[in-house]
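Heads up: the structure comes next, in structure tokens.
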Amino acid sequence: MKKGIKSITQIFTIFAVVLFFQACSLKVPIKSTEKSENKYEPSLDVESKAIKEISFINALDKEATIITGEFKENIHLEYKKEKLEASSFIKNALQEEFKARALPISIIDTSLDSLNLENFEIFVYRSSGFSPVVTFSSLRVTVQIGDKKETFVSIVKRGKVPVWVVDEIFDPCFNEPISLMIKEIVAKINKAYFNYKISDEKVSEIMLKIDKGVNNDDKLNYLNIYELGFSNNPKALELLKQYTNNADEYLRLASLSMLGFLGGESEFDYLVSKYRNSKIWQDRALSMKAIADINTEKTKKFLQNEYKLWKSQDSKEAIWNVMLLDILKVND
């Protein structure tokens, strides 16, 4: 009897959440991003670099909104009980993550070197009242230090079915992806300009955390998979690749997402196979993102051809793939 009452209560809760999404304004409290615990260090073959001072430039489209998709009019992001101001929030989060990772880079008011914020978007989708609230979050910056100019993109997919209260989606669908994107952008800046890494000892500790998390069914264990990818340490590659076939969706997506960044060109054929043959769209999408992370002429040409293919179609998958490929700027 108690189980029946519980099930009925859950159904009414989900129904209430559906009505809330359809008719009401949802304020999502955004937290300060989680700062990394593991520092980057120069390896034996990499010298310590002088501090790079860069200016932060808000290059977001003035008409752009953070929330996109079918709920863009219903969901409002707040930070410290005020409307989230994207530029200052991302600037502060990046600065704190640079410090946490012990990277020799600092954001100042004026510099010839720069970091341009070009995209900060959370696409929200829900196919029905009983399906997960899905977010595809993206962050893109272009960095110019000296003569070297690079564009860095992070894309994170998350989903959650709110069972009891709508608040249950706040962390998995919004706060966790935003923190991950900040960490990924900083990891990519590190690799491009400093090439520091997380130590072998710390990588071993992360691996043990992952094993423990699997045994304990830790729902946040996927964050440890991402940390392996951010490590810039080849010691992490074998285990990261193993998890691309894991039954747990978010362990699998995290490993797929980071494989191109950590493994580089040697993983191109494997990722193309995942992109072509995976049974569910999100696996194919994150494999596509990982291919973009390899960032060679070969991968650029591959993705440009895929863009042309999907642009000529009007299926839901085609529309979403074009959206992701536009964020990845494959035609630039």
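Computed from the coordinates by the stated procedures, all read-outs in this text should not be read as laboratory data. Just so it is clear, the model here is predicted, and its values are computed rather than measured. Here the Cβ positions follow ideal geometry from the backbone for every residue, glycine too, while neighbour counts run over all protein chains shown.
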Sum -39500 (n - 2.57) across every DSSP H segment of at least 4 residues in the chain, then divide by the residue count to get the 222 nm mean residue ellipticity, nearest 500. -15000 deg cm²/dmol
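Looking at the chain, send over the antiparallel percent of its DSSP beta bridges, to the nearest 5.
Taking every DSSP beta bridge within the chain, about 65 percent pair in antiparallel fashion.
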Put +1 on the Cβ of every Lys and Arg and -1 on every Asp and Glu Cβ in the stretch 21-196; which of 117, 165, 145 then has its Cα farthest towards the positive end of the dipole? 165
For the chain, just run the numbers: alpha carbon Rg, then divide by 2.2 N^0.38 Å, N being how many residues it has. 1.00
Please report, to two decimal places, log10 I(q)/I(0) for the stretch 49-106 at q = 0.12, 0.24 Å⁻¹ as given by the Debye formula with identical point scatterers on the Cα atoms and no solvent. -0.42, -1.03
From the C-alpha coordinates alone, can you work out the Kirkwood hydrodynamic radius of the stretch 62-197, in Å? 16.2
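Return the FRET efficiency for the residue pair residue 280, residue 312: r is the Cβ-Cβ distance, R0 is 22 Å, and the value is rounded to the nearest 0.05.
0.45
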Across bins of 5 angstrom width beginning at 0, how are the C-alpha pair distances of the stretch 199-332 distributed, in whole percent? 2, 11, 20, 22, 17, 13, 8, 5, 2, 0
Under a straight-distance cross-link criterion of Cα-Cα below 17 Å, which lysines are reachable from residue 197, leaving out those fewer than 8 residues away in the same chain? 35, 39, 49, 99, 183, 188, 235
For labels at residue 168 and residue 148 in the simple 7 Å Cα→Cβ model, what's the distance in nm? 4.6
Options 244, 186, 128, ranked by Cα towards positive dipole end of the chain, top entry (Cβ charges): 128
At the level of C-alpha centres, the distance separating the stretch 242-293 and the stretch 109-169, in angstrom, is 18
Inter-label distance, nm, simple model (7 Å from Cα along the C-beta direction), residue 102/residue 70: 4.8
Rounded to a whole number, what is D in µm²/s for the stretch 207-280 from Stokes-Einstein with the Kirkwood radius over alpha-carbon pairs (4 °C, 1.567 mPa s)? 105
Where both residues lie in the stretch 21-196, what percent of DSSP beta bridges are antiparallel, nearest 5? 60
Spin-label model distance (nm) - residue 326 vs residue 85, 7 Å beyond Cα toward Cβ: 2.8
Measure nothing but the geometry: give the 0 to 90° angle between the long axis through the Cα atoms of 268-277 and the longest principal axis through the Cα atoms of the chain, rounded to 10°. 20
